[in-house]
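**Student:** Can you keep this structure in mind? I'll have questions shortly.
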Amino acid sequence: MDRLTRKELKTDHFALEVEHGVEYVADHKRQVIRYGAIGLAVLAVIIGVYVYRNYQNGAREDALRAAIRYQDAQVGVGAPEAIMVFATQEEKDKALSKAMTDVATKYSGTEQGGIARFYLGTQAADKGDLATAEKSFKEVAENAPKAYASLAKLSLAPVYKAQGKVAEGERLLRDLVANPTIFVSKEQATIALGQYLASANPQEARKLIEPLRSERGPISRAALTALADIPQK
């Protein structure tokens with residue numbers, strides 16, 4: 001079983017550098033929705049934190065906020081008393097996983113439950129636990145609201161590929177191209193599909209991505225980067 005590399009499915013800390021990202025999303029929401037970064041985790045993190053910070057107060061939002069606080073906890077001694085501290089990284093990871101699992105289970109089918117389950121999937125993929133990643137992403141894809149389900153499908157495709165289920169991943173991406181959402185644009189899905197097909201069918205991959213070179217902004221840059229990685233023959 002192959003391990004997903006961070007280039008294939010990059011997942012940094014859940015709240016890493018998002019403070020600036022949230023303000024950017026708030027000011028440029030339309031552009032981010034259409035031209036959002038192709039990197040799955042970057043997009044998911046910004047959307048996730050933006051959503052939970054901007055919802056009205058309620059039990060689901062409070063539960064998700066509480067779970068995310070574990071991500072910001074420090075490890076070791078010497079931290080201020082007001083900050084959540086764990087003796088080891090293992091203890092912190094365990095507590096965070098439990099908190100996210102609780103939210104995902106209790107609020108399955110909601111935005112908050114989808115965000116929590118998506119987080120668990122990306123963490124599992126980073127650790128090379130593809131079975132758990134597949135299970136988590138599939139649950140979001142099948143039960144979460146459409147926009148969040150589309151993010152899960154986008155993430156599930158490379159997991160399938162790493163497991164040798166290439167056709168299943170391709171079907172997911174083609175479905176996203178045909179049915180874009182507010183979180184996964186047609187352009188983003190098209191580039192993802194081209195990258196997915198690059199090694200086995202470089203000719204089709206180039207055919208898919210070439211038209212996007214003329215787009216303005218991040219989509220054009222992402223298309224050019226993807227084309228550079230596609231074999232000539």
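The values are calculated or read from the model by the stated rules, or taken from the named source; none is laboratory data. Owing to the predicted nature of the structure, the values given are computational and were not obtained by experimental measurement. With ideal geometry, Cβ positions are generated from the backbone for all residues, glycine too; neighbour counts draw on all protein chains shown.
**Student:** Between a residue in region 70-96 that is surrounded by 10 or more Cβ atoms within 10 Å (Cβ to Cβ) and assigned to a loop (DSSP other than H, G, I, E, B) and any residue that is of a type in the set (K, R) and at pLDDT 75 or above, which pairs come within a Cβ distance under 8 Å, given they are 6 or more apart or on different chains?
**Tutor:** So the pair list comes out as A73/K92; M84/R69.
**Student:** Ok, one more. Can you name every residue in region 108-125 that is surrounded by fewer than 20 Cβ atoms within 10 Å (Cβ to Cβ) and either in contact with a Lys or Arg (Cβ under 7 Å, 6 or more places away or on another chain) or farther than 18 Å from A67 by Cβ (or both)?
**Tutor:** Listed by number, the list holds a single entry, T110.
**Student:** Taking into account only those residues within region 152-183 that are within 16 Å of Q195 (Cα to Cα) and β-branched (V, I, T), which is surrounded by the fewest Cβ atoms within 10 Å (Cβ to Cβ)?
**Tutor:** V166
**Student:** Looking at (1) touching a Pro at 6+ places or on another chain (Cβ under 7 Å); (2) assigned to a helix (DSSP H, G or I), can you tell me which one A228 breaks?
**Tutor:** Exception for A228: condition (1).
One line per residue, one yes/no per condition, for (1) modelled with pLDDT under 90; (2) touching a helix residue (DSSP H, G or I) at 6+ places or on another chain (Cβ under 6 Å); (3) of a type in the set (S, T, Y):
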site	(1), (2), (3)
L96	yes, yes, no
A99	no, yes, no
Y107	yes, yes, yes
K165	no, no, no
E168	no, yes, no
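**Student:** Can you pull out the helices (runs of 4 or more DSSP H) entirely within region 124-203 that have at least 1 residues that are within 23 Å of K98 (Cβ to Cβ) and among the aromatic types (F, W, Y)?
**Tutor:** 130-143, 146-162
**Student:** Another question about this same structure. Considering only residues that are under 17 Å from L130 (Cα atoms) and either without any contact (Cβ under 8 Å) to a residue 12 or more places away in the chain or touching an Asp or Glu at 6+ places or on another chain (Cβ under 6 Å) (or both), which ones fall in region 168-200?
**Tutor:** Passing the criteria: only E168.
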